[in-house]
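One structure below.
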Amino acid sequence: MSASFTKSMARNIFYGGTVFFILVFLALTFDTTRALPARDHRENLTAQVAEGKEVWEKNNCIGCHTLLGEGAYFAPELGNVYERFGNNKEAIKIFIKTRPRNGVPGRRSMPQFNLSDEELEAVAEFLKYTSEIDTASWPPNIQG
Amino acid sequence: MVYQSQAVAKPYFIAAIGLFVGQVMFGLILGLQYVIGDFLFPTIPFNVARMVHTNLLIVWLLFGFMGATYYLIPEEAETELHSPRLAIITFWVFLAAGVLTILGYLMVPYATLAEATGNSLLPTMGREFLEQPTLTKIGIVVVALAFLYNVGITVLKGKKTVINTVLLLGLTGLALMFLFAFYNPSALTLDKYYWWWVVHLWVEGVWELILGAILAFVLIKVTGVDREVIEKWLYVIIAAALVTGIIGTGHHYYWIGAPEYWQWWGSIFSALEPLPFFMMTLFAFNMVNRRRRNHPNKAATLWALGTAVMAFLGAGVWGFLHTLAPVNFYTHGTQITAAHGHLAFFGAYVMIVLTIISYAAPQLLGQGEARSNRQQVLEMWSFWLMSVAMVFIVLFLTGAGILQIWLQRVSENPQPFMAVQEQIALFYWMRTVAGIVFFIGVMVFVASFLVKGREVARETPAAIEAAA
Ligand code: HEM
Ligand code: HEM
Ligand SMILES: [Fe+2]
């Protein structure tokens, strides 16, 4: 690096640049926060959906699945599973409920979580809610 | 070692290596579960093994960062650590919290763990990388505060160099961003939005300051190049890191429900994120070429150069590969992500911790400036085994990812996820084989500490003209 470019110039670029871009980021965050309720259909976020999210978290579903493309890559995307299952909450509930305790020999299997009926209903409702978030047309197709 | 209190780094480094071994063992379990679906099911389901794998990674890297800090702060500040006792107490608290959490994952169902630790009072669990019980998270904050207090006071009473200032900034940022782990709104998009303030603003933000500071410290020591030059480089590198990385967070906001302008902000700024990593590579090679001495710890120099190169490949090249929105539309949440995650974490953060361990070990073990030739040769073997194996892991995952995207997302008849996974199993097998080689590399690293070696490496007096 040339000698006319001094250490204190480098330091000023670091502090100035960082502060400037933190402010830009906060401004964008502010705007995003205001725009989100329309995009994620906040009006549909019922107490049941919130409970469903807790069921999702309490059982660490994200440890195998992706949700809106984030999580683990061992099992299918679930952000659009409501649509993949034919817009049918019952199908989702039956699937979760009927997982064999000891898995399917030789294959990747989902654990049996022993969810109560209330928990099943809530998590299905949460997945339905998630499928309605405006994700800029992601995923590319129904397979997730 | 110039100051007595630098010795507190030793238990931190030992714990780091021990947990690293555990992390990679669980990596192998995951790799096998990918191809033998019912391996260890239902005793250790995939999600449990994955939590252990990723949380051990984060915990041992934090042990490494703390050890590095305790080692280099007294030397930079030219004073003893404020309280070595506190450093040892926090060591045991952190280790106990870490081990108990991992045992909790392995011994009871996750839902039971959540209930037993009162998750419903302040739900923070069940999100990727932040799976720890809320109690553990609070413990982490307490340890971080005690740690920052201890090193903060040390720097305040001693000399403030660029290296210890940047390191402290990075560590403070690490603790601050972690606080967002406690924010878990019910609105999924909002939750994800701030989740990335922990994850992205760590690895592509404040951790780069820690990485840069440790690298600069080791380079000053092993090359003897003028501090002024190194510190100027450090400022330029971290300026590039934060100027691109903060807005670069937007590359995670394309498809989670955030406004679509993030596709522009995220693509443009994150496309520039490889820059600081590229500069790190130039920096490391430049400094080694201009060296004023030939430090006898050849292994540490190799690790430092390796860090720069592999971080550039993993974060820079593999990051750029999938960061533009039109590309990410197809790669998002596939094995391409896993490929990048492995090379970036390994190249940048695993390797910088191994670099400082390699540099500090002979001094902490009372061997002088360098370990014996035999030990260094083993260490260099472990360097090549791990690095080459990791490159292969990543190439196999990239192959799997490309096929996955084609079969599941692009071809005319997109196939279901599980059907696609079966067709690309060969790549997962090859990844697991490369993983075994990686594990051997880790064991060789450990072995380099167990063998004895009488003959101590010395500085070669010749070739100093190389500096001219
Ligand atoms: C024996 C070597 C290893 C094997 C076989 C292995 C295997 C795996 C597997 C199968 C996953 C889960 C992927 C999924 O969610 O479907 C994973 C995740 C992960 N591993 Fe490893 N791993 C190994 C070593 C490492 C090392 C050395 C590091 C650190 C550099 C590492 C860091 C990670 C990270 C960060 C994730 C999360 C990735 C993401 O979310 O994209 N692994 N690993
Ligand atoms: C050392 C620095 C870095 C580390 C440790 C790292 C690690 C990771 C990890 C673990 C993930 C997966 C997160 C998840 O599980 O959802 C990820 C995702 C991602 N990273 Fe990095 N990364 C680094 C730097 C970069 C850089 C410099 C770029 C861009 C040039 C980049 C671009 C991305 C993108 C676009 C994703 C999202 C992938 C997806 O859509 O699925 N990363 N990174
Ligand atoms: Fe990122």
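Let me know the mean shielding of B:41-53 by other chains, meaning the per-residue number of their Cβ atoms within 10 Å of its Cβ.
Per-residue shielding by partner chains comes out at 5.
Given Cβ point charges of +1 (Lys, Arg) and -1 (Asp, Glu) and nothing else, what value in debye, to the nearest 20, does the dipole of the range A:90-144 about its Cα centre take?
540 debye
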Practice problem: Would you mind pulling out the separation of the Cα centroids of the range B:152-221 and the range B:1-62, in Å? | Solution: 22 Å
Quiz item: Carbon and sulfur atoms: what percent of the 1.4 Å accessible area of chain B do they account for?
Solution: 73 percent
Quiz prompt | Selected from A:Cys61, A:Asn44, A:Ala3, residue furthest toward positive end of dipole (chain A; charges at beta carbon) | solution = A:Ala3
Exercise. With a 10 Å radius around each residue's Cβ, average the other Cβ atoms per peptide and rank B:298-305, A:96-103, B:6-13, highest first.
Key: B:298-305, B:6-13, A:96-103
Quiz item: Taking the Cα centre of chain B as origin and charging only Cβ (+1 Lys, Arg; -1 Asp, Glu), how large is the dipole, in debye to the nearest 20?
Solution: 1000 debye
Quiz prompt | Top positive-direction residue, dipole computed over chain B with Cβ charges, set B:Phe445, B:Gly314, B:Gly37 | solution = B:Phe445
Quiz item: How many angstrom lie between the C-alpha centres of the range B:130-147 and the range B:250-316?
Solution: 29 Å
Quiz item: Which residues of the range B:122-140 show a drop of at least 20 Å² in accessible area when all protein chains are present, compared with their chain alone (probe radius 1.4 Å, heavy atoms only, ligands and nucleic acids excluded)?
Solution: B:Pro123, B:Gly126, B:Glu128
Practice problem: With an 8 Å cut-off on Cα pairs and a minimum separation of 6 or more residues, tell me the relative contact order of the range B:163-253 in percent. | Solution: 35 percent
Quiz item: Per residue of chain B, what 222 nm ellipticity follows from adding -39500 (n - 2.57) for every DSSP H run with n ≥ 4, rounded to the nearest 500?
Solution: -23500 deg cm²/dmol
Quiz item: So how strong a dipole does the protein assembly as shown carry about its Cα centre when Lys and Arg Cβ are +1 and Asp and Glu Cβ are -1, to the nearest 20 debye?
Solution: 1700 debye
Quiz prompt | Chains B and A together, accessible area buried on both sides, 1.4 angstrom probe, square angstrom | solution = 6800 Å²
Exercise. Whole Å is fine, so just give me how far the alpha carbon centre of the range B:347-396 lies from that of the range A:58-81.
Key: 35 Å
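Over chain A, calculate the relative contact order: mean separation of alpha carbon pairs under 8 Å at least 6 apart, over the residue count, as a percent. Can you show the working numbers first?
Working: 131 pairs, mean separation 39.1, N = 144.
RCO, chain A: 27 percent.
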Exercise. Using Cα pairs closer than 8 Å and at least 6 residues apart in sequence, work out the relative contact order for chain B, in percent.
Key: 15 percent
Exercise. For an R0 of 30 angstrom, estimate the FRET efficiency from the Cβ-Cβ distance between B:Leu450 and B:Trp384 and round to the nearest 0.05.
Key: 0.95
Self-check item: Links that overshoot a 27 Å alpha carbon limit, given the list B:Lys192/B:Lys232; A:Lys7/B:Lys160; A:Lys58/A:Lys89; B:Lys137/B:Lys159; A:Lys58/B:Lys10; B:Lys159/B:Lys452
Solution: B:Lys192/B:Lys232; B:Lys137/B:Lys159; A:Lys58/B:Lys10; B:Lys159/B:Lys452
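The values are calculated or read from the model by the stated rules, or taken from the named source; none is laboratory data. The model shown is predicted, which means the values in this text are computed figures rather than measured ones. Glycine also receives a Cβ, built like all others from the backbone with ideal geometry; neighbour counts cover every protein chain displayed. These area figures cover heavy atoms from the full protein model, side chains too; ligands, DNA and RNA do not enter into them. Shrake-Rupley method; radii C 1.70, N 1.55, O 1.52, S 1.80 Å.
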